[in-house]
């Protein structure tokens, strides 16, 4: 009878220790994963915003260049040399 109580206690102790180890391991793996994902999302979002700004600046520069060329061609076509 003492042997069965000792084994039962040992089995319960082993199970409790395994659960504690699994819980601590899971917590240490999940927490950095969330932080890493948040950092990656922030970096990706910043990179996307920079690319959008660059595209808009290039588009604006291109459209202003076209406007200048249109004005120059209009001036040349209106100008009548004597």
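Any read-out appearing in this document is the output of simple, stated calculations on the displayed coordinates, not a laboratory observation. Predicted model only: the values in this text are computed from it and were never measured. A quick note on method: Cβ atoms are made from the backbone with ideal geometry, for glycine too, and the neighbour counts reach across all protein chains shown.
Quote the FRET efficiency, to the nearest 0.05, computed for residue 60 versus residue 34 with a Förster distance R0 of 30 Å and r equal to the Cβ-Cβ distance.
0.20
Report the label-to-label distance for residue 24 and residue 42 in nanometres (one decimal), using points 7 Å from each Cα along the Cα→Cβ vector.
Placing both labels 7 Å beyond Cα along the Cβ direction yields 2.9 nm.
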